[in-house]
Amino acid sequence: MAEQTKSNKKKKRRKGMNDVQWFALQVLIFVIILYVLFAQIIGVTTMPSADMYPRIDSGDLLVYYRLDRDPKSQDIVVYEKNDTKYVGRVIAVQGDTVEITKDNTVIVNGYNMIESNIFYETYPLEGFTKYPVTLGAGQCFILADQRQGSEDSRYFGPVSYSELDGTVITVMRRSNL
């Protein structure tokens with residue numbers, strides 16, 4: 001009996017609205033859900049440069065998860081440094097020690113890093129980051145895949161977790177759009 005009363009009240013409320021008002025309410029709810037999804041949970045941006053070439057090219061559309069603030073090694077992240085948006089690969093996280101030697105070797109925690117998906121040599125940039133770097137709590141070391149001419153942690157040092165916008169979850173090639 002109580003269920004019938006609830007059902008009747010819902011119908012009366014629905015009957016108080018005409019079809020246009022009901023449709024407008026549904027559209028408003030849908031827009032609010034999209035706003036929360038894309039403003040708070042999922043981010044969309046274009047790749048600003050060729051720093052991640054050939055995996056990600058300039059102009060490709062990146063979809064990233066904003067709530068991931070605990071990156072892991074080899075994650076591709078979107079981050080902001082000096083009011084500029086960058087995309088790069090995390091090679092070390094908090095507590096790790098990173099060194100880039102003069103013979104272009106990346107060493108993490110005393111071991112040579114084997115990067116089978118990187119096709120360019122990793123040069124230490126003179127006069128910027130001093131090696132070895134031990135990352136503090138809430139810091140990561142990020143390198144671009146295109147190691148020549150890219151601005152990354154070799155240039156401005158470790159990146160704070162608070163500067164991360166999120167972890168890339170998918171890439172849409174611009175040629176497929």
Considering only residues of segment 143-177 that are among the β-branched types (Val, Ile, Thr) and touching a Phe, Trp or Tyr at 6+ places or on another chain (Cβ under 7 Å), which is nearest to THR84 (Cα to Cα)? VAL159
Boolean, PHE141 is under 17 Å from MET52 (Cα atoms) and modelled with pLDDT of 95 or more: yes
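Considering each of VAL168, VAL63 in turn, give the residue that is closer than 15 Å to SER49 by Cβ and within 15 Å of the chain's Cα centre (by Cα).
On the way: VAL63 fails: closer than 15 Å to SER49 by Cβ.
Residue meeting the stated conditions: VAL168.
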Would you mind stating whether ILE91 is under 22 Å from the mean Cα position of the chain (by Cα), surrounded by 18 or more Cβ atoms within 10 Å (Cβ to Cβ) and free of Cβ contacts under 8 Å to residues at least 40 places away in the same chain? no
Being surrounded by fewer than 15 Cβ atoms within 10 Å (Cβ to Cβ) and touching a residue at least 24 places away in the same chain (Cβ under 8 Å) is the filter; apply it to segment 36-45 and report the residue that is farthest from ARG173 (Cα to Cα). GLN40
The listed residue being hydroxyl-bearing (Ser, Thr, Tyr) and in contact (Cβ under 8 Å) with a residue 60 or more places away in the chain, out of SER150, SER116: SER150
With the checklist (1) assigned to a loop (DSSP other than H, G, I, E, B); (2) out of contact with any strand residue (DSSP E or B) (no Cβ under 8 Å at 6 or more places or on another chain); (3) of a type in the set (S, T, N, Q) in hand, flag the one item SER73 doesn't pass. (2)
Filtered residues of segment 52-68 (kept if modelled with pLDDT of 90 or more, closer than 24 Å to SER160 by Cβ and either in a strand (DSSP E or B) or in contact with a Ser or Thr (Cβ under 7 Å, 6 or more places away or on another chain) (or both)): LEU62, VAL63, TYR64, TYR65
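The values are calculated or read from the model by the stated rules, or taken from the named source; none is laboratory data. Everything quoted here is computed from the prediction, not taken from an experiment. Neighbour counts are summed over all protein chains in view; Cβ atoms, including those assigned to glycine, are modelled from backbone coordinates with ideal geometry.
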